[in-house]
């Protein structure tokens, strides 16, 4: 009896719990070590061979697990997820006890009423952090006090009207806040760990972007290690920082490690389900239909061809995404660091990105994991990879002419 394909099965509970723990790690931009060292390091330690090593960096909390440390002449492939999460920040403490905040990359109206955690540096011990829960993000208070245009939807929520409400009351409200030691710049994260969704094989919660890419990176590493590792290629399993503010962490890592191949792993959009974008004619990416593979921008098509072949051989579904000038992911890291790498970006369609209710499909995540594992193991069997990549750039002056292919209706391929 053939072995069941993981991407067509429900994700096992123990694997789901690992995914949840990685995603829920408090790792706002610039403070990513809770995920990289607090969650991912113990997980890698549980399965990686003794010959692997972990690299750390001076200016950021990114990490790289290296299958062949010190072997700089060996052909190298880097997988990159980013640990940083978009966050809100304390901006101003009002005299009435309201803590006005910056909304960062959140749409302001999506934040109202949600519970959060504030992470605050101890003013008496710089470098030491405390946390505070029990507050919610507000802007208008009760509907009774809102502008009539807000009731009809003609007027939205201004970012500078958002505040953290800690239910402060009584005398000296501002002093009550200041006594807590909260300061401008303190990061704030939404409280919403992922849960399994109502529909089969779905899940939802905050910060799939991009704990999900970090989970995939770790799972690929585990499966490759369990398969005996790679003999020819050096694999660099990287978890970057600062992606949400410009891909700064990954470009530093790429500059330091100079990989020959770089594959970013990040969330993508379910354009089929996205409301109100029908007239934009977006590529119909959809949850539950497989992982996504980017084309366009700086993507190296000879790398994409290898991923497609590996996925096809295993029967893993893949959806092609189209980028313009920029992949929008850490797939740009090498070119931004002026490093010569073949590059692409792998993802999974998600809904409601940058909200408290992002959702995804475990089958798409598992498809990405197993496609990347298959790609690495297939590349490890190739001869002279460096030369192969240099000489396999597609030649459009050597094309086959296409003729009309008939009028019959195409039959849809069935997933086995």
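Among the residues of the range 61-75, those identified as out of contact with any helix residue (DSSP H, G or I) (no Cβ under 7 Å at 6 or more places or on another chain), touching a residue at least 24 places away in the same chain (Cβ under 8 Å) and under 14 Å from residue 238 (Cα atoms) are 66, 67, 68.
Of the numbered criteria (1) surrounded by fewer than 19 Cβ atoms within 10 Å (Cβ to Cβ); (2) assigned to a helix (DSSP H, G or I), the one residue 59 fails is (2).
Quick grid of which residues meet (1) more than 30 Å from residue 6 (Cα to Cα); (2) more than 17 Å from the chain's Cα centre (by Cα); (3) modelled with pLDDT under 95:
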{"site": "356", "(1), (2), (3)": "no, no, no"}
{"site": "372", "(1), (2), (3)": "no, no, no"}
{"site": "376", "(1), (2), (3)": "no, yes, no"}
{"site": "382", "(1), (2), (3)": "no, yes, no"}
{"site": "387", "(1), (2), (3)": "yes, yes, no"}
{"site": "390", "(1), (2), (3)": "yes, yes, no"}
{"site": "399", "(1), (2), (3)": "yes, yes, no"}
{"site": "404", "(1), (2), (3)": "yes, yes, no"}
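Apart from one condition, residue 175 fits all of (1) in a helix (DSSP H, G or I); (2) closer than 25 Å to residue 292 by Cβ; the exception is (2).
Screening the candidates 127, 134 for the property of being farther than 20 Å from residue 97 by Cα and not assigned by TED's automatic domain parsing to the domain that holds residue 11 yields one hit, 127.
Out of the range 162-190, which residues are under 29 Å from the mean Cα position of the chain (by Cα) and more than 18 Å from residue 120 (Cα to Cα)? Matches in the range 162-190: 162 only.
Restricting 356, 316 to residues that are surrounded by 13 or more Cβ atoms within 10 Å (Cβ to Cβ) and touching a helix residue (DSSP H, G or I) at 6+ places or on another chain (Cβ under 6 Å) narrows the list to 316. Condition check for residue 35 on (1) in contact (Cβ under 8 Å) with a residue 60 or more places away in the chain; (2) under 21 Å from residue 128 (Cα atoms); (3) not in a helix (DSSP H, G or I): one failure, at (3).
Residue 109 falls short on exactly one of the conditions (1) at pLDDT below 95; (2) over 28 Å from residue 192 (Cα atoms), and that condition is (2).
The condition (being loosely packed, with under 12 Cβ neighbours inside 10 Å and at pLDDT below 90) is satisfied by just one residue among 154, 124: 154. The residue that is surrounded by the most Cβ atoms within 10 Å (Cβ to Cβ), counting only those in the range 89-114 that are within 18 Å of the chain's Cα centre (by Cα) and on the phi < 0 side of the Ramachandran plot, is 106.
Remark: residue 81 falls outside the filter, which requires a residue to be modelled with pLDDT of 95 or more, outside the structural domain of residue 178 (by TED's automatic domain parsing) and surrounded by fewer than 16 Cβ atoms within 10 Å (Cβ to Cβ).
Let's see how each residue does on (1) farther than 22 Å from residue 376 by Cα; (2) modelled with pLDDT of 95 or more; (3) touching a helix residue (DSSP H, G or I) at 6+ places or on another chain (Cβ under 8 Å):
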residue	(1), (2), (3)
48	no, yes, yes
59	yes, yes, yes
77	no, yes, yes
93	yes, no, yes
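Based on what the data block shows, is residue 113 closer than 17 Å to residue 182 by Cα, touching a strand residue (DSSP E or B) at 6+ places or on another chain (Cβ under 9 Å) and assigned to a loop (DSSP other than H, G, I, E, B)? No, not satisfied.
The values are calculated or read from the model by the stated rules, or taken from the named source; none is laboratory data. Keep in mind that what you see is a predicted model, and the values were worked out from it rather than measured. Positions of Cβ are generated from backbone atoms using ideal geometry, with glycine treated the same way; all protein chains shown enter the neighbour counts.
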